[in-house]
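**Student:** Below is the structure I would like to discuss, written out as structure tokens.
The values are calculated or read from the model by the stated rules, or taken from the named source; none is laboratory data. Note that the coordinates shown come from a computational prediction; the quantities given were computed from them, not determined experimentally. Cβ coordinates were reconstructed from backbone atoms using ideal geometry, including for glycine residues, and neighbour counts include every protein chain displayed. Side chains are part of the model used for accessible areas, which takes the heavy atoms of the whole protein and leaves out ligands, DNA and RNA. Shrake-Rupley method; radii C 1.70, N 1.55, O 1.52, S 1.80 Å.
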Amino acid sequence: MLYKNNLSDVKKYYDICTKWYRWFYYDKDSLALHYGFWPTKNTSRKEALINQYRVLLNLLNPKTGELILDAGCGVGGAALWLARRTKADYIGITISKTQLKLAYQYTRERKLGNRVNFQIKNYFDTKFKNETFNKIFAIESFCHAYPNPRPLYAEMYR
């Protein structure tokens, strides 16, 4: 399995590259740390980043009482953005201590600690009980499961 064999490389990558992502693919208000959706050439970077969250909000349609997993949460932007707009609760998992530290900081700043929690976990083996989550999403993190994503999908299904 590619991911397990390279877990330390992936951790190192995110620990090192987070500062660079924050330069080029980051919005300080939404905490987006990804590439975004650019429907037109006139879309601003900030709008492109938030567009990805808007699409996610529509697809997930989070409800009161649901627990939603952000698998590969990065600095927590998506879960925090969604929590501010919905009544669902969120858990984000990452393998990067650098990103986890920022996620904790952003959660405290936004006073969302009662609805959003972040943890260090490998998404191939989360150790969560079966059927813990109502919904699961990932933004640009499942690529680390290839070329064999089956174990990841089996864990997410569980």
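**Student:** When the accessible area of the stretch 105-158 is split by element with a 1.4 Å probe, what percent falls to carbon and sulfur?
**Tutor:** With neighbouring chains kept in place, the figure for the stretch 105-158 is 51 percent.
**Student:** Quote the relative contact order of the stretch 88-140 in percent (integer), defining contacts as alpha-carbon pairs under 8 Å separated by 6+ residues.
**Tutor:** Normalised by residue count, the contact order of the stretch 88-140 is 45 percent.
**Student:** How many percent of the alpha carbon pairs in the stretch 65-158 exceed a separation of 20 Å?
**Tutor:** Of the Cα pairs, 31 percent sit more than 20 Å apart.
**Student:** What number, in percent, do you get for the relative contact order of the chain if the mean sequence gap of Cα pairs under 8 Å and at least 6 apart is divided by its residue count?
**Tutor:** It rounds to 24 percent for the chain.
**Student:** Glu140 to Trp38: extension gain in nm, 0.36 nm per residue of separation minus the Cα-Cα distance?
**Tutor:** Additional length available on full extension: 35.2 nm.
**Student:** Amide H to amide H, which residues 5 or more places from Gly92 or on other chains are under 5 Å from it, using H placed in the peptide plane?
**Tutor:** Asp70, Asn117, Phe118, Gln119
**Student:** On to the next question. Given (i) 47, 36, 25; (ii) 45, 33, 29; (iii) 40, 35, 30 as candidate values of Cα extents along the principal axes in Å, which corresponds to the one derived from the coordinates?
**Tutor:** Working out Cα extents along the principal axes in Å from the coordinates points to (iii).
**Student:** Might you report the magnitude of the Cβ-based charge dipole of the chain about its Cα centre, with Lys and Arg at +1 and Asp and Glu at -1, to the nearest 20 debye?
**Tutor:** Dipole of the chain, to the nearest 20 debye: 340 debye.
**Student:** For the pair Lys111/Asn58, report the inter-label distance in nm, with labels modelled 7 Å from Cα in the Cβ direction.
**Tutor:** 3.2 nm
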